[in-house]
Amino acid sequence: MIALPMGAMPLISSGAEMLMLLADTSLCETLGNALTKKGLGKDSEPWLLRLRRRLVRFSSRPYLAKRFSKQIGWQFGMMIHRYAHLGTADTPDVIRELGAIPLVTDVRRWGHPLEAGSNLRFFAIQFLLLHECGHVAAGDLSTTDTSHFEMEFAADGFAFRELIGTADGDDVAISGTLGAWLILTLAAWIEDLSQETAPRSHPPARERLERLRAYLRSREQEQPSMTRALEVFDAMASMQKRLFEEAKSAGVLTMESPLSRFLSMCAQTGRHEMFYDQLPRWLLFGAPSRLCRELARLRVCMERRIESDQQDGRAKEQLGLINWVFDAALAAPSNFLSRKLQAFYARARAATDS
């Protein structure tokens, strides 16, 4: 069984959808053709379907780029910032505005603004699964003879070969490249924004991205489509660099905890219902450890503020909101969340007492 953090799947989905809103029509066509062959097992789509998709995309792409270009940068950055700090990833507003994408059997899906992103998500998940299969194929689960980093590089290499090197057609190879690029680029953003101090279990994502680029170059002679794959790789890398700068300029990539900022806003405006509504949504992502740890840290922080100043009404208000989470967890039929919160709280108290 291969398990992924619950918050990772919305992050991959929304990340793919936002990036592809800015992509050109030809890349959307490439992903559509590749999914038809790889995901649906067909050599080609019916010509009427292809024609309809192309007409919709050609007419909507300039509009989408104009409508969302100023929003995607900071919303993309905010989403990854929240995941890096809390382990959760809400659906961004730009994706909510477009509604849920219809099912594959629904003709309204053809050319839908989120269709290309959904297709990219398919290839990104393919890379993740093949990477884990690479560990199994290499016997990594039963050996400790190789360093962790070397095992991860080898698993990446297995995924590159299976997803790109043996691809059935140019469109599939290019889409596989894009799927691997997306996963490693999201990982690189998370590493840049994360405050984790524990030893790394994986090599730096930027080094893994360079190995992907090197693999594409090594295949150019045997697979001419790798030249196009490299062009797509560089174009997407340039796009994500621009998005990063936009998010940085908008101030959403600060090291301040998004939960601390949200808690302060709810207390300052008196809109406690926002906190009561949002926190359970984040906890539904499997009660991420990063979120529970931050709740515990903020509880201790507010308690210390009140101990030093009994008149600190803002701290009391924020502590009341945090204790609401702890009390609700304690009253729940399952003690899973309560035990997790209390364990992090005990560690946070011990850290400040020492």
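The values are calculated or read from the model by the stated rules, or taken from the named source; none is laboratory data. Here the structure is a predicted model, which means the values were calculated and not measured. Methodologically, a virtual Cβ is constructed for each residue, glycine included, from the backbone with ideal geometry; neighbour enumeration extends over all protein chains shown. Accessible surface is based on the protein model in full, side chains and every heavy atom, while ligands, DNA and RNA are left aside. Shrake-Rupley method; radii C 1.70, N 1.55, O 1.52, S 1.80 Å.
Worth a mention:
- Cross-chain or 6+ apart pairs with Cβ under 7 Å, segment 150-166 first and in contact (Cβ under 8 Å) with a residue 12 or more places away in the chain and over 17 Å from Met226 (Cβ atoms), then outside any helix (DSSP H, G or I) and open to solvent by less than 10 Å² (accessible area, probe 1.4 Å): Glu152/Pro203; Phe153/Pro203
- Residues in segment 154-193 that are among the small types (Gly, Ala, Ser) and open to solvent by 10 Å² or more (accessible area, probe 1.4 Å): Ala154, Gly157, Gly165, Ala167, Gly169, Ala187.
- The lone exception for Ala214 - which of (1) among the hydrophobic types (A, V, I, L, M, F, W, C); (2) in contact (Cβ under 8 Å) with a residue 40 or more places away in the chain; (3) out of contact with any Phe, Trp or Tyr (no Cβ under 9 Å at 6 or more places or on another chain) it fails: (2)
- Residues of segment 324-348 satisfying the condition of being surrounded by 15 or more Cβ atoms within 10 Å (Cβ to Cβ) and closer than 26 Å to Met265 by Cβ: Val325, Phe326, Ala328, Ala329, Leu337, Lys340, Leu341, Phe344, Tyr345, Ala348
- Counted residues, segment 168-211 - those being touching a residue at least 60 places away in the same chain (Cβ under 8 Å), part of a loop (DSSP other than H, G, I, E, B) and either on the phi > 0 side of the Ramachandran plot or not acidic (Asp, Glu) (or both): 3
- Segment 19-41: number of residues that are assigned to a helix (DSSP H, G or I) and over 14 Å from Leu178 (Cβ atoms): 4
- Filter result for the condition that a residue is of a type in the set (Asp, Glu), modelled with pLDDT of 95 or more and open to solvent by 70 Å² or more (accessible area, probe 1.4 Å), over Glu207, Glu196: Glu207
- Selection from segment 91-112 of residues that are open to solvent by less than 30 Å² (accessible area, probe 1.4 Å) and in contact (Cβ under 8 Å) with a residue 60 or more places away in the chain: Pro92, Val94, Ile95
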